[in-house]
Each structure stands twice: as C-alpha cells, then as structure tokens.
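Take a look at the structure set out below.
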Amino acid sequence: MDETKVLAGIAEKTDNDIIMLLIVILIGIPLIVIYIKAKSNERHMRHKEQMERDAEHREREKAYIDVISGNTAALVKLTTLLETNNQNCSECRVDQTQLYRNIAEKQEQIHLDIIKIKERI
C-alpha cells in the first residue's frame, strides 16, 4: 500500500509520459494479476460446485435405477406367479369338474340303488 502511495505521489509531480506509463504498469500489473487469480479461483469454485452437483445427480439416478430394477424384478416374479396360478387354476378346474362328474354319477347310482331298495321293500 505504501508503495502505491509513493508511486501515486511521483505520478502527480512528474510531467514525463514514460515515467507515468511505468508507474501505471507497476500499479496495473499487480492489479491485473490479482484480478486474473480471483477469476481463476471463481471458475475453479464454479467447476467444483458443478462436479459436486453432477455427482449428486449420478447418485440420485443410480438410486432411481436400483428402485426401477427392483420393481421390474418384482413385477416379473408377480407375473410368473400369476401365470402359474392361472395355469394351476385351469388344471384345478378340470380336476374339480371331473370330480364333480364322478360324484354326480355316484349320486345317480346311489339314487338308483335307493329306488331298487325301496322297490324291494
């Protein structure tokens, strides 16, 4: 800071353009360096924040994919179970129909036997 004040004092007292240019350069170069460094740090911070956001998005997308994969696997198992159950129900219906026919035939035979027994009595 003291150096800047000294250079500003010299610039006020001199009429030489070359000395003025040198003083402006001596003051300006450090300011430009500070400005460039600040901009670089700002870009670096923005890039770092963007990378962190991208990492969060990737984690969230991975979680979504895991959930979707789990749901898909559950749906496949449920579909297989329903198809198997439906097939078993069809087989059960065929078996039940056959058993019902057998029972109906036996009931008819029993009914005929009862009629025969009543006729004998």
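Values for this structure:
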| read-out | value |
| --- | --- |
| Residue that is of a type outside the set (D, E, K, R), over 45 Å from the mean Cα position of the chain (by Cα) and modelled with pLDDT under 70, where the choices are L22, L31, L7, L26 | L7 |
| Complete set of residues in the range 14-54 that are of a type in the set (D, E) and exposed (fewer than 10 other Cβ atoms within 10 Å of the Cβ) | D15, D17 |
| Yes/no for I27 being in a helix (DSSP H, G or I) and touching a Ser or Thr at 6+ places or on another chain (Cβ under 8 Å) | yes |
| Qualifying residue in the range 85-100 (condition: free of Cβ contacts under 8 Å to residues at least 24 places away in the same chain and over 58 Å from the mean Cα position of the chain (by Cα)) | no |
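The values are calculated or read from the model by the stated rules, or taken from the named source; none is laboratory data. As the structure is a computational prediction, the values presented were derived from the model and not from experiment. Reconstructed Cβ throughout: ideal geometry from the backbone, glycine too, with neighbour counts over all protein chains shown.
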